[in-house]
Amino acid sequence: MKVLTHLIVLMLVTGSTLVNAQAIQEGLTLKEAVDIAIDADPWLTGSRYTQSALADEATAAATLPDPKMSLMASNFPVDSFDINQEAMTQLSVGVSQMFPRGDSLALAKQKKLQLALQHPLLREDRRAKVAATVAQVWLDAYIAQESIQLIEKDRALFEYLVDAAEASYSTAVGRTRQQDVIRAQLELTRLEDRLTALRQRQETAQMRLSEWVGSRAGDGLTRVMPTESPTVPVSTSASEQERYEWVSHHPTLLALDRRIEAMETDVDLARQKYKPEWGLSAQYGYRDRDPMGRDRADLFSVGVSFDLPIFTANRQDKEVSAAISHAESIRTEKQLLIRRLMAELDTASAHLVRLDERHALYADQLLPQMAEQAEASLAAYNNDDGDFAEAVRARIDVLNAKIEGLVIAVERQKIIAQINYLLVQASSDAVRPVEDF
C-alpha cells in the first residue's frame, strides 16, 4: 500500500510520465499547416487568372475599334442590270474608322490596370487570412489533443486510486469506506466521458483542418505549443493615430485604394462623353464605259462624321453624377473598414493583456499551489488524517487547472494570430504603380 501511495505521489508531482522528445516533435506543426494551406489555396490561382485577364482586357481596351469595309453595287438599271447602260451605275468599295471620344481609350486601359493591380494586394490579404484561419483550426485540434493527453495521464492515477481504495476497503485497513470506492470509480467514469467528448472535438477540428491541408490533417499534430508573438508590440494605451498607423498599410485598405482610383478613372471616362465621337470614311467607285465605248471617270469620296452631345441633362450629366457617387461609396467603404480593423485590434489587444496576466498567474502560482494542495490531501488521507473525497477532489482540481491553463495558452495564440492578421503590411512588390505594370 505504501509503495502504491509513493507511486501516486510521484505521478502527482511530475504530472506525467516521461515522453520521448522525438515523439513530441513529430506531427504536423502549425507552420507546416499554414504553408500547405497557402500552397494549395485555389483562390490564389484564381486571383492570378483574374489579374491576367484584366491586363489583357486593358490592352484590348486601348485599341481602336476595327475599321469597317463596305462593298456596294450602286444605281443598277432594273430593266437590264447592265453596268454600262447608265452613267450613275458603279461598283464601290469603302472603308470607315471610328475614333472614340477624347481620351477614352487611354482611360479605359488605365481603369483595367488599376483593377488588375488590386489582385497582388488581395492575394497578400488572402495569405494572411488563410494563415490566421488555419491557426484557429489547428489550435482547436491541438487543445483537444493535449487535453486528451492530460486526461490520459491522470486516468492512470485515478485507476491507482481506485485500486488503492478497493484494496484498503477489502482489507479493512485504514478509514476507506465503500462510498470512497464508489467515488473513485465515478470520477474514473467521468474521465472516460470527458475523453469521449474531447475525441469528438478533436475529430471535428481535424475534419475542418482537412479542408486546408488535405490528408495531412489525419497525421496528428506536434506536441510542441507554438510561441508566436505579435509582429508589432501593441498597447491598449496607444493613441488613435498610432492605431491608425498600425493598420493603414493593410493589403485590404490598399486594394480599396486601387478600386477608388479605378472609380475616379470611371468619372473621367464619363466626362469624355461630353466630347464628340469622330468617324472617317473613304470610298472608291468604279464605272464601266458608256454605251458608246467612251471611258467614264471613276469616283472617290471621303468624309468625316461626328455626333453632337448637346442634350446632356439626362445622359452625360447623370452618368458623371453616378460615377462620382460610386467613387464616394467606395471611400465610405474604406472608412468603415478602417474603423473595423482598429476596433478589432483594440479588442484583441485588450484580450491579450488579460490572457497574459492569467497565463502568468496559472504558471507561477495557481498550478504549483494546487499541486501542493493535492499532494497534501493525498498524504493526509494516507496517514488516516484526511478525507478520501477531498483527496480525489483536489486531484480533479489539479487536472481542471491544467486544462484551463492549456486553454489560456491556446486562446493566447489564437489572439496573437488574429492580431498578426490585423497588423499585416503590404509588401513593396504588391504596391506597384500603373506605369510599371
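The values are calculated or read from the model by the stated rules, or taken from the named source; none is laboratory data. Note that the structure is a prediction, hence the values are computed from the model and not measured. As a convention, Cβ positions derive from the backbone with ideal geometry for all residues, glycine included, and neighbour counts pool all protein chains shown.
Please work out if Arg294 is closer than 17 Å to Met72 by Cβ and over 53 Å from the mean Cα position of the chain (by Cα). Against the criterion (closer than 17 Å to Met72 by Cβ and over 53 Å from the mean Cα position of the chain (by Cα)), Arg294 does not qualify.
Against the list (1) touching a strand residue (DSSP E or B) at 6+ places or on another chain (Cβ under 6 Å); (2) small (Gly, Ala, Ser); (3) in a helix (DSSP H, G or I), the condition Ala371 fails is (1). A residue that is among the aliphatic types (A, V, I, L, M), more than 30 Å from Ala391 (Cβ to Cβ), surrounded by fewer than 19 Cβ atoms within 10 Å (Cβ to Cβ) and at pLDDT 85 or above can be found somewhere in the range 204-212. For the range 47-73, residues that are surrounded by 15 or more Cβ atoms within 10 Å (Cβ to Cβ) and not in a helix (DSSP H, G or I) total 1. Just checking, does the range 81-104 include any residue being in contact (Cβ under 8 Å) with a residue 60 or more places away in the chain, in contact with a Gly (Cβ under 7 Å, 6 or more places away or on another chain), surrounded by 16 or more Cβ atoms within 10 Å (Cβ to Cβ) and of a type in the set (Gly, Ala, Ser)? So far as the range 81-104 goes, yes, one or more of its residues are in contact (Cβ under 8 Å) with a residue 60 or more places away in the chain, in contact with a Gly (Cβ under 7 Å, 6 or more places away or on another chain), surrounded by 16 or more Cβ atoms within 10 Å (Cβ to Cβ) and of a type in the set (Gly, Ala, Ser). Of all the criteria given as (1) at pLDDT 90 or above; (2) within 30 Å of Gln114 (Cα to Cα), the one not satisfied by Val302 is (2).
Among the residues making up the range 393-433, those that are free of Cβ contacts under 8 Å to residues at least 60 places away in the same chain, of a type outside the set (Gly, Ala, Ser) and over 30 Å from Leu253 (Cβ atoms) are Arg393, Asp397, Asn400, Glu404, Ile408.
Evaluated against (1) closer than 24 Å to Val431 by Cα; (2) of a type in the set (Lys, Arg); (3) modelled with pLDDT under 95, Lys129 falls short on exactly one condition, (3). The set of residues in the range 207-233 being in a loop (DSSP other than H, G, I, E, B), touching a residue at least 40 places away in the same chain (Cβ under 8 Å) and either more than 29 Å from Gly405 (Cβ to Cβ) or over 22 Å from the mean Cα position of the chain (by Cα) (or both) consists of Gly220, Thr222, Arg223, Val224, Met225.
Restricting Ala282, Ala323 to those that are at pLDDT 85 or above, in contact with a helix residue (DSSP H, G or I) (Cβ under 8 Å, 6 or more places away or on another chain) and either surrounded by 18 or more Cβ atoms within 10 Å (Cβ to Cβ) or not in a loop (DSSP other than H, G, I, E, B) (or both) reduces the list to Ala323.
Looking only at the range 92-125, which residues are in contact with an Asp or Glu (Cβ under 6 Å, 6 or more places away or on another chain) and either closer than 30 Å to Gln418 by Cα or of a type in the set (A, V, I, L, M, F, W, C) (or both)? Hits for the range 92-125 are Leu107, Gln114. Glu390 falls short of the stated requirement of being touching a residue at least 24 places away in the same chain (Cβ under 8 Å), acidic (Asp, Glu), assigned to a helix (DSSP H, G or I) and on the phi < 0 side of the Ramachandran plot. Scanning the range 23-45 for residues that are surrounded by fewer than 12 Cβ atoms within 10 Å (Cβ to Cβ) and free of Cβ contacts under 8 Å to residues at least 60 places away in the same chain yields Asp39, Pro42, Thr45.
State all residues of the range 74-133 that are assigned to a loop (DSSP other than H, G, I, E, B), polar (S, T, N, Q) and over 26 Å from Leu280 (Cβ atoms); if no residue qualifies, say none.
Ser80, Asn84, Gln85, Thr89
The condition (being exposed (fewer than 14 other Cβ atoms within 10 Å of the Cβ), under 30 Å from Glu242 (Cα atoms) and touching a residue at least 24 places away in the same chain (Cβ under 8 Å)) is satisfied by just one residue among Glu328, Glu333, Glu344, Glu357: Glu333.
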